[in-house]
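First the structure, in the form of structure tokens, and then the observations on it.
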Amino acid sequence: MLPVNISADGHLIDLVLKISIGGGIVIGIVSFAIVLYMIFKFRRSKNPFPLQDVPPLLKKVIYIDFAMIIFDLVLLVTSSYAWAYFYIRPIDKIKKEALQKGEKYVEVNVIGRQFFWTFIYPGEDGKFGTSDDFKLANVLVVPKNYYVFLKMTSGDTLHSLFIPNVRMKYDTIPGRTTYVWFKPTAEGQYDIACAELCGSMHYSMKGIMIVMEEEKYKEWIKNPIYNSEDIISMYEFKR
Ligand SMILES: [Cu+2]
């Protein structure tokens, strides 16, 4: 089972997963069933001599090939669309569109390091490089129903920021900036993991994303609490 989807656009990723896993299972079962049937039907004890012609039944197997081609095409189109939708469209364009639709957004900078995540906030003024900027270790706090734009990089080696509940996973790369975005639609606390083997303590590179109601978030960003347990107990989030 997939983790609960709390991203406004996460259903697109789920669709790709369902098509690839579901279609793969169906095609796999059918193909194996045909192979087993052939092994049984054309067993040596019943067919001591090689067949001179392809039996009519075998000719029908070509339909499986057509089914696979169609399945591959559907998968290619949906996954390319999802990839383009989330990762190829320029982030500035997505921001612009969000503003035009009357949506609000927050920006957070992310640095992956052995073996923790740093989330850098622009503070109450929403601008980076000012005196109210602050950092959180392994805690990402975001407001509900806001677009969240993450600008990411790595301080050492490859890492990958993975937040399963918003269907988002993307590498952080040393010397390069990567961008991701999502729109969380449910309050609560959600797991963050590193999804790229990055060293001996890779398994411990975890964090928590806390999604708050807008009012709580505004209150929090004025006087940020840095520790996830304190934030959780203060605002009482359920899992
Ligand atoms: Cu890592």
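Looking at segment 66-92, which of its residues are open to solvent by less than 70 Å² (accessible area, probe 1.4 Å), over 19 Å from G24 (Cα atoms) and part of a helix (DSSP H, G or I)? The answer is A84, Y85, F86, Y87, I91. For segment 1-57, filtering for residues that are assigned to a helix (DSSP H, G or I) and hydroxyl-bearing (S, T, Y) leaves 3. Applying the criterion of being assigned to a helix (DSSP H, G or I) and free of Cβ contacts under 8 Å to residues at least 12 places away in the same chain to the residues of segment 219-235, the residue that is farthest from the ligand (Cβ to nearest atom) is E219.
In the set (1) of a type in the set (D, E, K, R); (2) within 24 Å of R89 (Cβ to Cβ); (3) at pLDDT below 95, K151 fails one condition alone, (3).
Being under 30 Å from W181 (Cα atoms), at pLDDT below 90 and part of a helix (DSSP H, G or I) is a property that does not hold for Y63.
The residue that is least open to solvent (accessible area, probe 1.4 Å), counting only those in segment 1-23 that are without any contact (Cβ under 8 Å) to a residue 12 or more places away in the chain and over 26 Å from Q189 (Cβ atoms), is G22.
Just one of the numbered conditions (1) at pLDDT below 95; (2) closer than 29 Å to I19 by Cα; (3) within 16 Å of the ligand (Cβ to nearest atom) is not true of M68: (3). Taking the residues in segment 166-210 that are among the β-branched types (V, I, T) and under 14 Å from W117 (Cα atoms) as candidates, determine which candidate is nearest to the ligand (Cβ to nearest atom). Here the answer is T172. On the basis of being open to solvent by 10 Å² or more (accessible area, probe 1.4 Å), more than 22 Å from L15 (Cβ to Cβ) and aliphatic (A, V, I, L, M), does L197 make the cut? Yes; evaluated as a whole, the condition is true for this residue. Residues that are under 18 Å from E214 (Cβ atoms) and buried (at least 16 other Cβ atoms within 10 Å of the Cβ) within segment 93-118 comprise A98, Y105, V106, E107, V108, listed in sequence order. At least 2 residues being within 16 Å of the ligand (Cβ to nearest atom) and not β-branched (V, I, T) is the threshold, and among the strands (runs of 3 or more DSSP E) wholly inside segment 102-152 those reaching it are 105-113, 116-121. Residues in segment 58-92 that are of a type in the set (A, V, I, L, M) and in contact (Cβ under 8 Å) with a residue 12 or more places away in the chain: 9 in all.
The values are calculated or read from the model by the stated rules, or taken from the named source; none is laboratory data. None of these values were measured; they are calculated from a predicted model. Methodologically, a virtual Cβ is constructed for each residue, glycine included, from the backbone with ideal geometry; neighbour enumeration extends over all protein chains shown. Side chains are part of the model used for accessible areas, which takes the heavy atoms of the whole protein and leaves out ligands, DNA and RNA. Shrake-Rupley method; radii C 1.70, N 1.55, O 1.52, S 1.80 Å.
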